[in-house]
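**Q** Have a look at this one before I ask anything.
The values are calculated or read from the model by the stated rules, or taken from the named source; none is laboratory data. Quick caveat: nothing in here was measured; it's all calculated off a predicted structure. So basically every Cβ, Gly included, is an ideal-geometry build from the backbone, and we count neighbours across all protein chains shown.
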Amino acid sequence: MSSSLRKNKHFVTLMTAQAISSLGDWLSIVAIITLVGLKWEATPMQMSFIILSLALPMALLGPISGTIADRMERKTLMIFSDVVRGVLILLLTLATKVWMVYGCLFLIGIFSSVFVPAKNGKLKELVQDEHIKGAISLSSTIDSSTKIIGPLVSGILVSTMGTYNVFYIDSATFFLSALFILLLPKALNETEAVEGMEKKGGPSFKEEIKVGMGFIKESRFLLYGLFLLGVSLLILQLSDSQIIVLLRELTDVSPDLFGYTVTGAGVGMLVTGIFLSKKTDYNAFFYMCFGVLGIGIGFGTMAILTYYDLSLSLLWVPALGFLAGGSAGFVFIPFQAAAQVKTPVHMTGRVFGVVNSTTTTATIIGPLAGGGLATIIGIIPSFIVTSSLLIVLFIVSVSVRNKVEEGEKDVTESQSGTQGATPL
């Protein structure tokens with residue numbers, strides 16, 4: 001972390017709140033899967049609806065939630081979202097039927113869809129543009145770290161304390177996160193544009209959503225970058241969800257191999273986040289292109305080595321997971337950072353609401369399509385197809401790179417009184 005970010009006490013407070021709530025998210029997911037999958041012996045279809053219940057609201061409500069995050073005070077929204085989610089996690093301890101779990105998770109997904117764009121908007125308020133890339137990298141590093149630590153800690157807690165006690169702990173993390181957010185200042189000023197709209201009575205909710213969509217369309221980087229992010233994530237999910245099936249093709253497969261592979265991918269993203277946090281001046285689109293290539297090479301190599309049933313899978317499979325995870329970080333983190341820089345503070349909610357909706361939709365469709373593809377053509381061919389599609393996407397992206405960068409309009413200047421409006 002740069003000295004300027006370390007001295008920014010409000011940024012440190014926001015990152016602390018994010019780390020606590022993100023860790024809690026992973027605690028509850030493992031506990032829910034344990035409860036429904038093992039104790040209640042849910043069917044495969046019922047298990048699929050667990051993740052779908054949580055992700056569907058984020059996919060459908062992204063633009064609407066983002067507009068809400070721009071219209072209301074973000075600090076208040078974040079606190080309210082944390083408190084409600086903490087209560088909903090407590091309600092899971094009373095659930096006796098799987099449909100009750102679906103209902104709680106669907107409501108949690110709704111309030112999570114509000115929290116994410118509000119948090120990104122608050123980050124824009126608290127950090128100056130010249131430090132925003134480092135801030136986003138650190139935020140992504142926290143997410144990657146909790147993905148590694150959370151499931152491990154949750155597994156230990158579930159086995160030693162029981163599922164319901166993990167729900168109590170997870171609920172407490174949301175309330176603790178809300179307390180940290182309570183320490184953050186409110187935005188002191190609004191933009192002149194927003195003030196002008198308020199004097200005129202303000203645009204309708206629907207019109208504000210259109211304004212957010214229009215802003216993305218005006219920026220070639222945001223438009224094609226979001227396309228690249230969404231398509232690469234969709235293709236990634238085609239195979240990522242089927243890795244466990246691919247590993248079953250190996251003769252010397254270890255029961256722990258899947259866990260090591262997921263950990264390797266998480267460590268890869270963590271390393272990428274740390275690397276990018278130390279850099280502030282880089283070409284985001286360049287990194288995104290080669291990140292797509294790295295994911296393609298990682299999956300393609302994994303399929304080929306599995307086909308030849310190469311020994312020592314405990315070494316090369318996690319290593320390729322590390323390559324794919326690190327490459328994915330080069331796709332996601334630079335886009336998030338560049339989007340923060342290019343988006344005025346009063347529009348961050350709408351822009352990142354669309355981003356969140358796009359990525360969540362890809363994570364829903366990808367596994368379903370991946371399962372169908374693997375069923376039709378086989379698991380190894382499906383990985384080869386995935387790898388080939390990502391390499392083709394890399395070639396197309398590199399070919400249009402100059403047009404994207406040359407035609408990019410300068411939309412990074414926030415109006416006076418927006419950036420740095422909150423005292424540090």
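**Q** If I go through region 386-410 residue by residue, how many of them are surrounded by fewer than 19 Cβ atoms within 10 Å (Cβ to Cβ) and at pLDDT 80 or above?
**A** Count: 8.
**Q** Right, here's the next one. May I ask you to verify whether ILE89 is at pLDDT 85 or above and in contact with a Phe, Trp or Tyr (Cβ under 8 Å, 6 or more places away or on another chain)? First the steps, then the outcome.
**A** Working: at pLDDT 85 or above: yes; in contact with a Phe, Trp or Tyr (Cβ under 8 Å, 6 or more places away or on another chain): yes.
Yes: the conditions hold for ILE89.
**Q** When you look at VAL253, is it of a type in the set (A, V, I, L, M, F, W, C), outside any helix (DSSP H, G or I) and touching a residue at least 40 places away in the same chain (Cβ under 8 Å), yes or no? Full working, then the answer.
**A** On the way: of a type in the set (A, V, I, L, M, F, W, C): yes; outside any helix (DSSP H, G or I): yes; touching a residue at least 40 places away in the same chain (Cβ under 8 Å): yes.
Spelling it out, VAL253 is indeed of a type in the set (A, V, I, L, M, F, W, C), outside any helix (DSSP H, G or I) and touching a residue at least 40 places away in the same chain (Cβ under 8 Å).
**Q** Hey, among ILE148, ILE136, which residue is over 25 Å from VAL354 (Cα atoms), of a type in the set (A, V, I, L, M), at pLDDT below 80 and not assigned by TED's automatic domain parsing to the domain that holds PHE332?
**A** On the way: ILE136 fails: over 25 Å from VAL354 (Cα atoms).
Unique residue meeting the criteria: ILE148.
**Q** Name, by its number, the condition in (1) of a type in the set (Ser, Thr, Tyr); (2) farther than 17 Å from PHE335 by Cα; (3) crowded, with 22+ Cβ neighbours inside 10 Å that does not hold for THR263.
**A** Only one criterion is unmet by THR263, namely (3).
**Q** Being in the same structural domain as LEU222 (by TED's automatic domain parsing), under 18 Å from the mean Cα position of the chain (by Cα), among the hydrophobic types (A, V, I, L, M, F, W, C) and assigned to a helix (DSSP H, G or I) is the requirement here; does LEU293 meet it?
**A** Here the answer is no, as LEU293 does not meet what is asked.
**Q** Considering each of ILE51, ILE64, ILE33 in turn, give the residue that is touching a Pro at 6+ places or on another chain (Cβ under 9 Å) and surrounded by fewer than 22 Cβ atoms within 10 Å (Cβ to Cβ).
**A** ILE51
**Q** Here's something else I'd like to know. Surrounded by 18 or more Cβ atoms within 10 Å (Cβ to Cβ) and either out of contact with any Cys (no Cβ under 8 Å at 6 or more places or on another chain) or within 22 Å of LEU233 (Cα to Cα) (or both): is that true of VAL87 in this structure?
**A** Working: surrounded by 18 or more Cβ atoms within 10 Å (Cβ to Cβ): no; either out of contact with any Cys (no Cβ under 8 Å at 6 or more places or on another chain) or within 22 Å of LEU233 (Cα to Cα) (or both): yes.
Against the criterion (surrounded by 18 or more Cβ atoms within 10 Å (Cβ to Cβ) and either out of contact with any Cys (no Cβ under 8 Å at 6 or more places or on another chain) or within 22 Å of LEU233 (Cα to Cα) (or both)), VAL87 does not qualify.
**Q** Evaluate the following for GLY259: is it modelled with pLDDT of 80 or more and part of a helix (DSSP H, G or I)? Write out each step before concluding.
**A** Numbers: modelled with pLDDT of 80 or more: no; part of a helix (DSSP H, G or I): yes.
No; evaluated as a whole, the condition is false for this residue.
**Q** Somewhere in region 371-389, is a residue within 16 Å of ARG220 (Cβ to Cβ) and either free of Cβ contacts under 8 Å to residues at least 40 places away in the same chain or assigned to a helix (DSSP H, G or I) (or both)? Give the steps one after another, and end with the answer.
**A** Step one: list which residues in region 371-389 are within 16 Å of ARG220 (Cβ to Cβ), which gives none.
No, the conditions are met nowhere in region 371-389.
**Q** Does at least one position in region 275-296 carry a residue that is more than 20 Å from SER137 (Cβ to Cβ), touching a Ser or Thr at 6+ places or on another chain (Cβ under 8 Å) and surrounded by 15 or more Cβ atoms within 10 Å (Cβ to Cβ)?
**A** We begin by selecting, within region 275-296, every residue more than 20 Å from SER137 (Cβ to Cβ); these are 293, 296.
Cutting the leftovers down to touching a Ser or Thr at 6+ places or on another chain (Cβ under 8 Å) gives us 293, 296.
If we keep only those that are surrounded by 15 or more Cβ atoms within 10 Å (Cβ to Cβ) as well, we get 293, 296.
Yes, the conditions are met somewhere in region 275-296.
**Q** A further question on this structure: Output the number of the condition that ASP309 fails; it satisfies all remaining conditions of (1) under 28 Å from LEU226 (Cα atoms); (2) outside any helix (DSSP H, G or I); (3) of a type in the set (D, E, K, R).
**A** The single condition ASP309 does not satisfy is (1).
**Q** Of (1) farther than 18 Å from GLY62 by Cα; (2) modelled with pLDDT under 80, GLN340 satisfies all except one. Which?
**A** Evaluating GLN340 over (1) farther than 18 Å from GLY62 by Cα; (2) modelled with pLDDT under 80 leaves (1) as the failure.
**Q** Continuing with this model, one more query. So which residues in region 70-116 are free of Cβ contacts under 8 Å to residues at least 60 places away in the same chain and among the small types (Gly, Ala, Ser), if there are any at all?
**A** Residues satisfying the conditions are SER81, ALA95, GLY103, GLY109, SER112.
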